[in-house]
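Visitor: For reference, the structure I am asking about is given below.
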Amino acid sequence: MYSVINRVRPAHRALAFALRFNANTEGSSCVVTDGRRLSPGVSADVDPLRATSRRFCSRTALTQGLLFRQMFELESSTYTYLLADTQTKEAVIIDPVLETIDRDLKFIQQLGLKLKVAVNTHCHADHITSTGLMKKRLVGLKSAISKFSGASADIHLSEGDKITFGKQYLTVRETPGHTDGCVTLVLGDQSMAFTGDALLIRGCGRTDFQQGCAKTLYQSIHQKIFTLPDECLIYPAHDYLGRTVSTVGEERKFNPRLTKSLEEFVGIMNNLNLPKPKKIDISVPANLVCGVQDI
């Protein structure tokens, strides 16, 4: 018998929303939502900032045969990503959140997809993954996470592993520093990289808990992410200011932390003095067991 950890706050599904992308068409589209305030948990992973409105600009998937959706969970400001092969309908989901499981499964059903793998970029501290519960509701679904995360999963990922879905695949690049088990998932043609909490848009994940190490994070980003093509799109696990996407070239040039020397970066990260994530005491134990526990 399984149960989602019962201390989780009620889902805010009515407030969560999806950023929709049309596959296989060039161009861009923007949706503006005014009067939106950031969730109280904004300070969990980056410096606390507030905004009175959110602007969402989405760029379509340019990879031939790829269906792509970027979805947002309001409370933890987490992005969930759904990718599928348009011919076989095989799909993967990245960083699904417990509060939005019904929304995500509805997308999968409406689009006629066959979800193969639910992968977490690391063991999250600010929300509970829906991976375990999703496995209960989708027969044959496999969970995946880094072998260095300490978390249970059907698939434990290592450097260079490939997660295949139809003719598409994601390649695993180990990018520790925020946690020991952080990975970046790179689309086969290197047009997209899903960086988790390692590299954020004009920022990066904190390094003051969960085996965090500023030096390791700096090296991971410079060696494993900044070596991708300049035009490679960066899709992080979070953003607190309404930004949805960046590029390797932009972050290499404009990221205010990662344009510094290693020594300067370590000094910055060691003096952020951020409060711990509000849900860390329930999220980490839950995520170590795929978001569910025996009762």
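Visitor: Return a yes/no flag: does segment 51-71 have any residue that is under 18 Å from the mean Cα position of the chain (by Cα), open to solvent by 10 Å² or more (accessible area, probe 1.4 Å) and at pLDDT 95 or above.
Guide: For segment 51-71, residues under 18 Å from the mean Cα position of the chain (by Cα), open to solvent by 10 Å² or more (accessible area, probe 1.4 Å) and at pLDDT 95 or above: present.
Visitor: Restricting attention to segment 219-276, and to residues there that are open to solvent by less than 10 Å² (accessible area, probe 1.4 Å) and of a type in the set (D, E, K, R), which single residue is farthest from S77 (Cα to Cα)?
Guide: Result: E251.
Visitor: Next question. Mind checking which residues of segment 100-114 are of a type in the set (D, E) and surrounded by 18 or more Cβ atoms within 10 Å (Cβ to Cβ)?
Guide: Passing the criteria: only D104.
Visitor: Residue check: is V119 hydrophobic (A, V, I, L, M, F, W, C) and more than 23 Å from L185 (Cα to Cα)?
Guide: Judged against the criteria, V119 is not a match.
Visitor: Residues of segment 251-274 being touching a strand residue (DSSP E or B) at 6+ places or on another chain (Cβ under 8 Å) and charged (D, E, K, R), which ones?
Guide: Matches in segment 251-274: E251, R257.
Visitor: Here are some conditions: (1) in contact (Cβ under 8 Å) with a residue 40 or more places away in the chain; (2) buried (at least 24 other Cβ atoms within 10 Å of the Cβ). A118 meets all but one. Which one does it not meet?
Guide: A118 satisfies every listed condition except (1).
Visitor: Right, another one. Just checking, how many residues over segment 121-132 are part of a helix (DSSP H, G or I) and touching a Phe, Trp or Tyr at 6+ places or on another chain (Cβ under 8 Å)?
Guide: The total comes to 1.
Visitor: Looking at segment 181-237, which of its residues are among the aromatic types (F, W, Y) and either at positive phi or within 15 Å of the chain's Cα centre (by Cα) (or both)?
Guide: Matches in segment 181-237: F194, Y235.
Visitor: Check segment 250-258 and report whether any residue there is part of a helix (DSSP H, G or I), within 28 Å of M71 (Cβ to Cβ), out of contact with any helix residue (DSSP H, G or I) (no Cβ under 9 Å at 6 or more places or on another chain) and modelled with pLDDT under 95.
Guide: No, segment 250-258 has no match at all.
The values are calculated or read from the model by the stated rules, or taken from the named source; none is laboratory data. Note that the structure is a prediction, hence the values are computed from the model and not measured. Cβ atoms come from the backbone with ideal geometry, glycine included; neighbour counts cover every protein chain shown. Ligands, DNA and RNA are excluded from the accessible area calculation, which covers all protein heavy atoms including side chains. Shrake-Rupley method; radii C 1.70, N 1.55, O 1.52, S 1.80 Å.
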